[in-house]
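The values are calculated or read from the model by the stated rules, or taken from the named source; none is laboratory data. Worth saying up front: this structure is predicted, and the values here are computed from it rather than measured. Glycine gets a Cβ as well: all are built from the backbone with ideal geometry, and neighbour counts include every protein chain shown. Side chains are part of the model used for accessible areas, which takes the heavy atoms of the whole protein and leaves out ligands, DNA and RNA. Shrake-Rupley method; radii C 1.70, N 1.55, O 1.52, S 1.80 Å.
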Number of protein chains: 4
Amino acid sequence: MTYDNSGWRKKLHTVIFEADTPAGRAFDVALIVCILVSVAVVILESIPSIGNRWRHELFIAEVTFTLLFTAEYSLRLVAVRRPLAYARSSLGIIDLVAIAPTWLTLFVPGAQFFLTVRVLRLLRIFRILKLTEYLSEAGVITSALRASRRKIFVFLFAVITLVVLIGALMYMIEGPTHGFHDIPTSMYWAIVTLTTVGYGDLSPKTPLGKLLASLVMVLGYAIIAVPTGIVTSELTAARGRGHSRQSCPACGREGHDDDATHCKYCGAAL
Amino acid sequence: MTYDNSGWRKKLHTVIFEADTPAGRAFDVALIVCILVSVAVVILESIPSIGNRWRHELFIAEVTFTLLFTAEYSLRLVAVRRPLAYARSSLGIIDLVAIAPTWLTLFVPGAQFFLTVRVLRLLRIFRILKLTEYLSEAGVITSALRASRRKIFVFLFAVITLVVLIGALMYMIEGPTHGFHDIPTSMYWAIVTLTTVGYGDLSPKTPLGKLLASLVMVLGYAIIAVPTGIVTSELTAARGRGHSRQSCPACGREGHDDDATHCKYCGAAL
Amino acid sequence: MTYDNSGWRKKLHTVIFEADTPAGRAFDVALIVCILVSVAVVILESIPSIGNRWRHELFIAEVTFTLLFTAEYSLRLVAVRRPLAYARSSLGIIDLVAIAPTWLTLFVPGAQFFLTVRVLRLLRIFRILKLTEYLSEAGVITSALRASRRKIFVFLFAVITLVVLIGALMYMIEGPTHGFHDIPTSMYWAIVTLTTVGYGDLSPKTPLGKLLASLVMVLGYAIIAVPTGIVTSELTAARGRGHSRQSCPACGREGHDDDATHCKYCGAAL
Amino acid sequence: MTYDNSGWRKKLHTVIFEADTPAGRAFDVALIVCILVSVAVVILESIPSIGNRWRHELFIAEVTFTLLFTAEYSLRLVAVRRPLAYARSSLGIIDLVAIAPTWLTLFVPGAQFFLTVRVLRLLRIFRILKLTEYLSEAGVITSALRASRRKIFVFLFAVITLVVLIGALMYMIEGPTHGFHDIPTSMYWAIVTLTTVGYGDLSPKTPLGKLLASLVMVLGYAIIAVPTGIVTSELTAARGRGHSRQSCPACGREGHDDDATHCKYCGAAL
């Protein structure tokens, strides 16, 4: 009986968690379609002309998808060898969070829009595509970002300091009469300007304000070069590191340059 | 007779499809001018003050160009050895599509504006310029884009996920009363903000909305660095690859410049 | 007595100026919190609904923080061996400037908003974090900027020249009737457009103006590539330099990674 | 007499054209100040409140500067050995154009604003600064731009094609009722959006228009990466080339890599 049990559990695991068999692949494709449709349902519900007319049908669709995803979540818990480990993994938490909001709507109206969090489940799409290649590409990007995290922290710190100072200065120059009602509003303007978004809901009216704004824009121009430079040089370096697949025959460590003939850690010939 | 036939067909082919002979070059220049004028005619027709006054003349010009391009398309079919292969090639399809809309206007008013698709025929301009050099430059750009297609897919996937989540969140924060009528509108705002376009037709009004918008802008600031970094590192790598194909016959080392005639390490002739 | 004196002075110095001891670390954390709260107080005071209601409490908080920072500044002067050198250092000047505005408000109303300058004191946060690592990252960025200062000067010179010429041209094309009241306003528009901020408070109305604006935008598109390129190539170069300081004692070749312990060419220990 | 003549001519040349002697340097500084003030006069004249009040004084200042610059231009013609070569050089043409508009104002009112072209004369500022270093930096930028001119042409060609197609499509989707009066206006919108300027004077109103606009923005996001990538990789390559100052002792050619031990053209040892 225990063996039998582990038999269907193994099969279930293959279907739900792997994408190599036809059944597993079909399950994954069906899941992606369900996720896409369920997110579309939530988005459509927010459009008044559609939401009012098809309220009932959309609600039923929502509950159906929630039941489906709840069933799928339960199956995952059953199929996996260590349910707690799965439930605590980031994918497991996303799976749980993607179910919760519908039950919430029984108490809190409007909570169904949190269901758009289901879009995160689309991460599973990388399993259908050739997983490893895309993951390695995503890995290059994230490792480039991680390697530059200190530079990014220094950069963000400088930007926030600038935003507070520019915000206070602009508040004193333009003042509430020109729409800069308080320093937070003025800081919001500083961010809108530094990032070159420029909504135009707030813009300087006095000559002095326009002069300061011009300086801020040119500064933003220079500043935008910094994160780009950081990420680019990390990506270029990551590409360089990516060439060094060779591991030392003596100590087994990797990370050698392409032109290296000796291990840089133990000196053995490569 | 058959020989004669292949004689004028060969000549026609030389004139229409090649740009090395004076006649071929003249044909290409005339064609480019026709394309430019015909696109200008369509654009001018859309301007009310001009379109109403010269409606008749512009319509005649349009039909004339369509007849000309139809004749040219027929000649191309005749001149080429394998008409079907030409008709199915991307250039052949563009040539056909550039004729179609005028005939459509007999049934669908307004269809003539599709004629701007003729602008795609300007691709032929590269034949008049020194073709190969420009194509190789275009090739560097497109191959850099192709090499980074997986990174770009991961990037676009992340952006779309972000847009859905930010859109739903902003819809709940600001709501229809501040112009965020539904989630698609809110997602449109998220794209306008993340790409730093910032029309200002929609902008947050509540303090919480402004705070979220500020975070989105700084995020967009960071995100814009990623595609730039990807393309730049690909272009740099493409440049690197272009230089290091040849290895020295004497010492076997690589990394020589394209214009090198002697090995830079041992001095042997390459 | 002199010895005793130098004893508590040394202890004071350790607490105030260093972050290695528990007391020093606690002092630094408390200082950062004080700075953050004092800046928040100034920002909150500018919001009418809060500023009017809690005017009295906020004023007291402001004076309290000023007294605290004045006391701290005095202690720093006492604890440091060469008070004048500290007072003239950039950190010392920031510490002084962070106190001044409150005393000014006795004479000039509104001067308290200059207190946001206190945000600069947050620079001390790098002492609590692992100082050296962050400083070296900041050093890479600033040295990259310093190395490219001449390129940036040439670039800024070109931008300002462009802004004057485009501004005058646009003033003549659009004129005061379309909001381009004078050349400075028109130059402000040119900067808003070249930096791709695009508030939309000023935009061309005439066809000729729109044509010029389109050219300016495409130009801005190209121009934005220049500072990014400068900073990126400097950062990449800085990274390169960081790796190739050490030369092999056996074969004399350079280009070893920072973590290499053996020469990658001959295998000798570094 | 001829000798004497050539004596003062030589002195004049040294003062006007060179910046190494104290007199030459003083002349250059005075010239820069004159140019700055004369441009400021033109800009101030455009401000109604100033221009109306001081019309007379500003006009006198303008004429005075024109007389000064005319005198200077004449002196330059006299001092230089080959006046025609100077008059035809780009600096000579700028010097001439900087005088012309004032004489024009006798016939065409408003022509004085063309005087802002005098700002181009500020190029002479590079003579006062250490000329060669800045010129070499400017040279790096311009040679990077020149090296990538074909890539930039291909890029601009693609952008213009896109703008025509997007413009026509948006004109058909949104139409005159939503402000897209004709295809040129619609193309203007496409440029405003692709370059991420986003004035907001025109923005899509229909759902389909917003969808197309979103696609255009994401496209613009990707497109902006291309010129940045081109310029960056050129600058990085230019830096690489910049290291190879060494010329071959045998054939005298330059452009060798840092690690080259033999001339890559003739194979001689370096």
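Across the accessible surface of the range C:30-123, with the other protein chains kept in place and a 1.4 Å probe, carbon and sulfur atoms take up 76 percent. The separation of the range B:167-219 from the range D:182-220, counted between C-alpha centres, amounts to 18 Å.
Put D:R9, A:R55 in order of accessible area, highest first, and with a 1.4 Å probe you get A:R55, D:R9. Pairs from the table (A:K151/B:K210; A:K10/B:K151; B:K205/D:K205; A:K205/B:K210) lying more than 23 angstrom apart at Cα are A:K151/B:K210; A:K10/B:K151.
For the range A:1-89, the set of GluC sites (Glu not before Pro) satisfying both a DSSP loop assignment and a count of at most 12 other C-beta atoms within 10 Å is empty.
Near D:V97, within a Cβ-to-Cβ distance under 15 Å, what is the net charge of the other residues, with Lys and Arg +1 and Asp and Glu -1? It would help to have the intermediate numbers written out before the result.
Working: positive: D:R76, D:R88, D:R118, D:R121, D:R124; negative: D:E72, D:D95.
Local charge sum for D:V97: +3.
Rounded to the nearest 10 square angstrom, B:T21 shows an accessible area of 50 square angstrom against a 1.4 Å probe. Within the assembled protein chains, the solvent-accessible surface assigned to B:D201 is about 70 Å², based on a 1.4 Å probe.
Heavy-atom accessible area for B:C34, with the other protein chains in place and a 1.4 Å probe, reaches approximately 40 Å².
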